[in-house]
Every structure is written in C-alpha cells, then in structure tokens.
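The values are calculated or read from the model by the stated rules, or taken from the named source; none is laboratory data. Since the model is a prediction, treat every value here as computed from it, not as a measurement. When we count neighbours, we look across all protein chains shown, and the Cβ atoms used for this are built from the backbone with ideal geometry, even at glycine. These accessible areas exclude ligands, DNA and RNA; they are computed on the full protein's heavy atoms, side chains included. Shrake-Rupley method; radii C 1.70, N 1.55, O 1.52, S 1.80 Å.
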Amino acid sequence: MAASEETRTRTHPDVSGPATSPPATVGERPPARAWTMRLVVLGIVLSALNLRPAITSLGALLEEVRDGLGMSGSVAGLLTSVPPLCFAVFGVMAPRLARRFGPGAVVCAGMAAITAGLIVRPYTGGTAGFLAASALALMGIAVSNVLMPVIVKRWFPDRVGSMTGLYSMALALGTSAAAAVTVPMTEVLGGSWQSGLALWAVPAAAAVLPWIALVRDRRATSAGEAADRPEHAREDAPALRITRSRTAWALAVFFGLQATAAYITMGWMAQIFRDAGVAAGTAGLLLAVTMVMGVPLAFVIPRLATRLPQQGPIVLALGVCGLAGYAGLYFAPAGGAWAWALLLGVSNCAFPLALTMVGMRARTGAGVAQLSGFAQSTGYLISIPGPLLVGVLYQHSGGWGLPIALMAGLMIPQMAVGVLAGRNRTVEAEAAR
C-alpha cells in the first residue's frame, strides 16, 4: 500500500509551468525545471557526502586526538556522545526553520556550519574548544539530517525509494571515505592530526555551492516549497499530534537504537581493533569496510523496502548480522576482523531503512517533516548515553568484553521496535484517532 501511495503522489510541478508542459525540442534550451532538478540532485548528493566525515575522521584519529588534548577515556566517550546530543537538540529545530526560511536555505546554512566547524575544530588548543567547534559542525549535520527526507519527498514524491537510496549511498560513501583515507592523508600531511581532520572542510565547502544557487533561484525554491501543498489552505493546516502515533514512537526508538550502534561503531570500532593488535592503518580500513557496505546496500535496501508492505523482515535480517558481528568481536576480534567488519557494515544499513520508513509512514510532505523531526530528534536523544557508557565501561573494566556485550544486548530491542515501525500504517491515520 505504501509503495502504491508513493506512485499515486503528484510529481513535482515544472517551475516554468504546469507539470504537463511538453518537453523541449532538439536545439531548444532545456526548461528551467530540468536544470533545477539536476541541481537539487547534486545538492542532495554533495550534502549527503558530508554528513558523517566529521565523525568518522575523528574515530580514525581518536587515539591521537586523546593524546594531543590529554583526554581520559570517559571524556573521549563524552566526545563520541556529542554527535547524537547535537542531532537531538538541533534536529528538533529543523522543521520550524524550514517553514520560516525554506528547506534549501536551511541545508545551505547547515553545510556552511559544517565547513566552519571542521576548519576551526583542530586548532582550538583545548578540549572545550574542540567540543564547541565539533558542536558547530554537528549542528549543521543535524538540521540537514532531518531535512533530507523532506527535500526528497517534496521534489521526488514518486521516487522516494530510489532517491533515498541515492542519498543514503552518498552518505555511506562519505562515511567510509573519511574512515579509510584520514590516517593515510594525515601521514602525507606530515603526521599532524590537526591537518588530517581539517582537510574534510574542503568537500563541505563544495556542498554549499549548489544550495546557494537554488536559494538564489527564487522561482525554483518556491516551486519546491509548494510541491506537496498546492492548495493555499494547506499552509495553515494544524500540525499532527505526532506523539499519539504508536508508529512514530516505534520509529523513533528504532532510529535511536540503530544510531546508538552506528555511533559506537564509528567512535570506537577502530580502537577495538587497535587494542586487539591490529595496526592503526588497518583498523581505519576495517572501519572503512564497515562504512562502505552501506554504499551498495543503502541503494538496494530502500528500493526493496518500498516494494514490501511491511519492512519487518529486513529489520530482522540486519539485526541477525549485527549479533553475529558482535559475537565475532567478542571471541576473536583480530582473527576474523574482516568478517566482523562486513557483518557490522550490513547491520548498520538500518539507517537508510529508517530513513525510508520515515518517507513511507507519512502521506504528505508536511507529515514527513514532522515525523522526520520527531523520530530523529527523539531517536538521537535516546542514543546519547550509548557511546559514553561504552567509554566508561571500557575504562573501568579494562577491556572490551562488557562494551561489546552491551552493543549485542541493544540489538534485541532494536529488532523488536523495528518490526513495529515497519507495519503498513501512516502517522496521519494514527494521530487522527
């Protein structure tokens, strides 16, 4: 049903006229809509590429950063908890900012904040400044996280699965690239961890450019804003009572638990391998393998999800891979390192599945905006204690046994609420009861 609803939704109107406008003939200048749509796709892809390097580049150099700034294990655990904290706090602001300024303008500002934070962060000279600059970059990531499903729904309402897959694939590519090349690039740049972290400001700056062009194109922005509310009265429609929806709560908890697993992985997995005797460069590559699994699967899983009436079977398959990967880390972290990295990479594809379900569990763009803001902000709030607790358990137990047991234990409720979130329902129907 959800997939059929997707195909019945209106396609995006032509910014230069009705949606039924004839195509340009050979030799004519392409219509404005074609140029704008290509620019939107470019903006989505470049933005997605920059939504995780701020985190995974730090994971690859966490030991060097800890030594350079004099961090304890507990403080490092706090550092790995900053991303979900910022996503929870700033993500909830995104729908309101989008209504005021437009999603494109907010994402543009978000990319600029990422750029500024990544430039400043390595050179603040202390832990407090490092955390503050990280928070600036993460603020930009937070609002963009929430608004990407909104932009996809508004501009590509008949291609939610494929566009979410493209966005998720680009996000996974950026995540894995930062994990893989940060250590080698740091060595090329003279061994300075500051330079290794700062270099990721360059692609972030590139992601600002298409959004500047889109924001300046007021006709395109207006058309995009109006895509899912053709009647003026819809602008004043009351907000959903989203907290009445069981599906919204299930999706928020599922989002929170998968985010917990993802940020523990990004923040600590390279260190787990290094403590098991794996070389630093190889540990970074193992983290990259985990992240790069999301490149092909992030494109396949959303397309598969939109073709199924319920997404529970996918949730269970990903959860089983996660349990197998954690068991491997517990019993033979170095011996089967590549296999565990692959399995955990498959498990981490719960993220694009969650994004796809956000687009499927609401009927309208406004509903997607509200559900995305609620599920992501609540979910990231739930995920905050996980990375911090891992750091505390690691420091006080002197090993990785307890932290890995915690990760495996959290996979069980993730599978349970994921099945509930995957049921063929909409939040509008549940909130209206």
| task | Give just the number: which of (1) open to solvent by 10 Å² or more (accessible area, probe 1.4 Å); (2) assigned to a helix (DSSP H, G or I); (3) at pLDDT below 85 does Gly165 not satisfy? | result | (1)
| request: Give just the number: which of (1) assigned to a helix (DSSP H, G or I); (2) open to solvent by less than 10 Å² (accessible area, probe 1.4 Å) does Thr378 not satisfy? | output: (2)
| query | In region 390-400, which residue that is open to solvent by less than 30 Å² (accessible area, probe 1.4 Å) and among the small types (Gly, Ala, Ser) is nearest to the chain's Cα centre (by Cα)? | reply | Gly391
| query | If you scan region 162-180, which residues turn out to be more than 12 Å from Gly294 (Cβ to Cβ) and hydroxyl-bearing (Ser, Thr, Tyr)? | reply | Ser162, Thr164
| Cβ-Cβ below 7 Å, separation at least six or inter-chain, first residue in region 125-154 and among the charged types (D, E, K, R), second outside any loop (DSSP other than H, G, I, E, B): which pairs? | Lys153/Val160; Lys153/Gly359; Lys153/Gly365; Lys153/Val368; Arg154/Gly224; Arg154/Gly365
| message | Tally up the residues in region 331-353 that are assigned to a helix (DSSP H, G or I) and modelled with pLDDT of 90 or more, please. | response | 14
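Would you say Ala128 is at pLDDT 80 or above, more than 16 Å from the chain's Cα centre (by Cα), surrounded by fewer than 21 Cβ atoms within 10 Å (Cβ to Cβ) and not in a loop (DSSP other than H, G, I, E, B)? Talk me through it step by step, then tell me what you get.
Numbers: at pLDDT 80 or above: yes; more than 16 Å from the chain's Cα centre (by Cα): yes; surrounded by fewer than 21 Cβ atoms within 10 Å (Cβ to Cβ): yes; not in a loop (DSSP other than H, G, I, E, B): yes.
Yes; evaluated as a whole, the condition is true for this residue.
So that you can scan it fast, the table gives a plain yes or no per residue for (1) modelled with pLDDT under 80; (2) more than 21 Å from the chain's Cα centre (by Cα); (3) within 25 Å of Leu199 (Cβ to Cβ); (4) not in a helix (DSSP H, G or I):
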| position | (1), (2), (3), (4) |
| --- | --- |
| Thr25 | yes, yes, no, yes |
| Ala34 | yes, yes, no, no |
| Val45 | no, no, yes, no |
| Leu51 | no, no, yes, yes |
| Ile55 | no, no, yes, no |
| Gly59 | yes, no, yes, no |
| Thr80 | yes, no, yes, no |
| Pro84 | yes, no, yes, no |
| Ala98 | no, no, no, no |
| request: Answer yes or no as to whether Val278 is in a helix (DSSP H, G or I) and either on the phi > 0 side of the Ramachandran plot or not small (Gly, Ala, Ser) (or both). | output: no
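Can you name the residue in region 401-433 that is β-branched (Val, Ile, Thr) and either more than 16 Å from Trp268 (Cα to Cα) or touching a strand residue (DSSP E or B) at 6+ places or on another chain (Cβ under 8 Å) (or both) and, of all such residues, is most open to solvent (accessible area, probe 1.4 Å)? Lay out the reasoning, then the answer.
First, the residues of region 401-433 that are β-branched (Val, Ile, Thr): 404, 412, 417, 419, 426-427.
Next, from what is left, pick out any that are either more than 16 Å from Trp268 (Cα to Cα) or touching a strand residue (DSSP E or B) at 6+ places or on another chain (Cβ under 8 Å) (or both): 412, 417, 419, 426-427.
On the way: Ile412: 98, Val417: 29, Val419: 54, Thr426: 17, Val427: 0 Å².
This residue is Ile412.
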| field | Tabulated pairs, region 245-258, first in contact (Cβ under 8 Å) with a residue 40 or more places away in the chain, second open to solvent by less than 10 Å² (accessible area, probe 1.4 Å) and of a type in the set (Val, Ile, Thr), C-beta under 8 angstrom, 6+ apart or interchain | value | Ser245/Val427; Thr247/Val427; Ala248/Val427; Leu251/Val358; Phe254/Val315
| Does region 360-400 hold any residues that are modelled with pLDDT of 85 or more and among the charged types (D, E, K, R), and which are they? | Arg361
| Selection count where residues are under 13 Å from Ala48 (Cα atoms) and crowded, with 23+ Cβ neighbours inside 10 Å, scope region 179-207 | 2
